[in-house]
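S.K.: Pasting in a structure now, in structure tokens, and then I'll have a few things to ask.
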Amino acid sequence: MGFLLEKKQEHESACESAIREGNLRAGIFHAAKAAEFALALAASTSDNLLARYTEDAEGWLEIAERLKTNPPKNQKPELKGQKTPDNSTDSPDEDWLVSEKPSVTFDMIAGMAEAKATINEMVVLPLKSPEKARALGLKAGGGVLLYGPPGNGKTTLGKAVAHELDAAFYYASGAQIRSKWHGESEQKLRKLIQTAKSQPLAVLFLDDVDGLLPKRSNQSVVDNRIVVQFLAEIGGFEESQNVLLILGATNKPWEIDEAVFRTGRFDEKIFIGLPDEPACRGMLHMHLDKLPLRAGFDFEVWVKRLAGYTGSDIVGIVNAAKRAALNRSVRENTDPLLTEQDLDDAFKHIPSSVTEKLLQQYQTFQQARFG
Ligand SMILES: Nc1ncnc2c1ncn2[C@@H]1O[C@H](COP(=O)(O)OP(=O)(O)O)[C@@H](O)[C@H]1O
Ligand SMILES: [Mg+2]
């Protein structure tokens, strides 16, 4: 049993490496071998694992078949008698895919000057001026990973990028794909990527990418296949005329499978941390400027006090203060007026949603991963 599992995992890893190296024949061989060992495991196991390993075997066979009939674009199949690739671009199911352009703009994101500049330089300019980029030997497209503690604008920034570009936009949240389509996630993911790749210019935003491409383990045989499927599907897009930008976002970069980093699918990583003073100031003005504020409201005091809070904490505190002001206004039958006292009451009841320990985890990850 232990032996079979070990062999299965060996072939899974070998399959992944083969795909990464562009060795299609070996990829097919190892996927088929993984299926074989999954079947052997199914045959030697108890009832509840039987279904799981059988399904796993089917999944690996599908991957082998898929590599055979529809190889990643930069790999020449060495096999004779293959079927014509099915370039199916039927639209994936609407409920986990948003292909509408988001309405969020860069202006709606306070602060984050550095992250915005990096994104602009790395992503927006090459895609907006492809000829100039090419003349300078820069390639458009590729992958960018936004990572950092929850609630600080990763999703918002990703959407703003899509808005900024005149590109087809596809959004999928890893958690959503997996919870809704357990068992079918590979096919869904594959369809999604194929649809995005069929567009001349597309942004594929994989939110919560840790949920989609988690570290492989014995626990979930499904995860192992999703990761390999992703690598196979995404490979070679730089060879095509079409340009695909993959934007990933995650709160837990350490839970993403190592292979995803190794392939250079996310060559660029941008840390999105807690709002700094300009970001906090910007958010306060964004949310308060149009409101009736008590005279003498001191923004600078709040910029200092809100240090250590996340972007969504700040929005939460402001909203709680607004509700308190409304309550008072109705109760006392007075004109609505937001005071610093309202903000103070909210502030005292709402703690920051990140811990020092969590912040430390990002540093540890950075050091381990990027030196
Ligand atoms: N820099 C920012 N400027 C404006 N709003 C922000 C900013 N950072 C966070 N927010 C607010 O916090 C909410 C959560 O941000 P989100 O992009 O979902 O964070 P993440 O994806 O990092 O968890 C947003 O809806 C937005 O209201
Ligand atoms: Mg998010």
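S.K.: For the chain, set up a Gaussian network in which alpha carbons nearer than 10 Å are linked by springs, and say which option among TRP60, TRP302, TRP254 fluctuates the most.
M.R.: Taking springs between Cα atoms under 10 Å, the residue moving most is TRP302.
S.K.: Magnitude of the Cβ-charge dipole of the range 277-353, K/R +1 and D/E -1, about the Cα centre, nearest 20 debye?
M.R.: 160 debye
S.K.: Next question, about the same structure. Which entries of LYS159/LYS322; LYS154/LYS252; LYS7/LYS191; LYS159/LYS269; LYS8/LYS215 have Cα-Cα distances beyond 20 Å here?
M.R.: In this structure, LYS159/LYS322; LYS7/LYS191 lie more than 20 Å apart at Cα.
S.K.: May I pose another question? All other residues with a Cβ under 12 Å from the Cβ of LEU49 taken together, and with Lys, Arg as +1 and Asp, Glu as -1, what is their net charge?
M.R.: The answer is -2.
S.K.: Using Cα springs under 10 Å in a Gaussian network model of the chain, which residue among LEU145, LEU247, LEU284 shows the largest mean-square fluctuation?
M.R.: Greatest mean-square fluctuation among the candidates belongs to LEU284.
S.K.: Could you list the trypsin sites (Lys or Arg not before Pro) in the range 278-371 that lie in coil according to DSSP, counting only those with at most 10 other Cβ atoms within 10 Å of their Cβ?
M.R.: When the trypsin sites (Lys or Arg not before Pro) of the range 278-371 are filtered for loop state and at most 10 Cβ neighbours within 10 Å, LYS290 remain.
S.K.: OK, next. Please list, by residue number, every one of the trypsin sites (Lys or Arg not before Pro) in the range 113-180 that is coil in DSSP and has at most 13 other beta-carbon atoms within 10 Å.
M.R.: Sites meeting the loop and neighbour criteria: LYS139.
S.K.: Enumerate the amide H contacts of LEU201 below 5 Å, restricted to partners 5 or more residues apart or on another chain; note that Pro and chain-start residues carry no placed amide H.
M.R.: Those lying under 5 Å, H to H, from LEU201 are ALA168, VAL243.
S.K.: Turning to a different aspect of this structure: List every residue whose amide H lies under 5 Å from the amide H of ILE246, counting only residues 5 or more places away in sequence or on a different chain, with H placed 1.01 Å from N in the peptide plane.
M.R.: Long-range HN contacts for ILE246: GLY142, GLY143, VAL144, LEU204.
S.K.: Another question about this same structure. Please report the antiparallel percentage of the DSSP beta bridges confined to the chain, to the nearest 5.
M.R.: Expressed as a percentage, antiparallel bridges in the chain total about 10.
S.K.: Describe numerically, in nm with one decimal, the distance between label points set 7 Å from Cα along Cα→Cβ at ASP276 and at ARG305.
M.R.: Modelled inter-label distance: 2.4 nm.
S.K.: For Cα pairs less than 8 Å apart in space and 6+ apart in sequence, what is the mean separation divided by the residue count of the chain, i.e. the relative contact order in percent?
M.R.: Dividing the mean separation by the residue count of the chain yields 17 percent.
S.K.: Starting from the exponent 0.38 and prefactor 2.2 Å, build the expected Rg for the chain from its residue count and divide its actual Cα Rg by it.
M.R.: My calculation over the Cα atoms of the chain gives 1.16.
S.K.: Report, in debye and to the nearest 20, how large the dipole of the chain comes out about its Cα centre when Lys and Arg carry +1 and Asp and Glu carry -1 on their Cβ.
M.R.: That gives the chain a dipole magnitude of about 480 debye.
S.K.: For the range 124-130, what does the Karplus curve 6.51 cos²θ - 1.76 cosθ + 1.60, with θ = phi - 60°, yield as ³J(HN,Hα) per residue in whole Hz, taken in order and with x for Gly and Pro?
M.R.: 6, 4, x, 7, 7, 10, x
S.K.: All other residues with a Cβ under 11 Å from the Cβ of LEU284 taken together, and with Lys, Arg as +1 and Asp, Glu as -1, what is their net charge?
M.R.: Spelling it out: positives minus negatives among the neighbours equals -2.
S.K.: Among GLU62, GLU233, which comes first, second and so on when ranked by fewest other beta-carbon atoms within 10 Å?
M.R.: Final ranking by Cβ density, sparse to dense: GLU62, GLU233.
S.K.: Of all GluC sites (Glu not before Pro) in the range 325-371, which ones are in loop regions per DSSP and have a Cβ with at most 12 other Cβ atoms within 10 Å?
M.R.: Sparse-neighbourhood loop GluC sites (Glu not before Pro): GLU332.
No value in this document is a laboratory result; all are computed from the given coordinates. Computed from a predicted structure; not experimentally measured. Every residue, glycine as well, gets a Cβ built from its backbone with ideal geometry; the counts of neighbours run over all protein chains shown.
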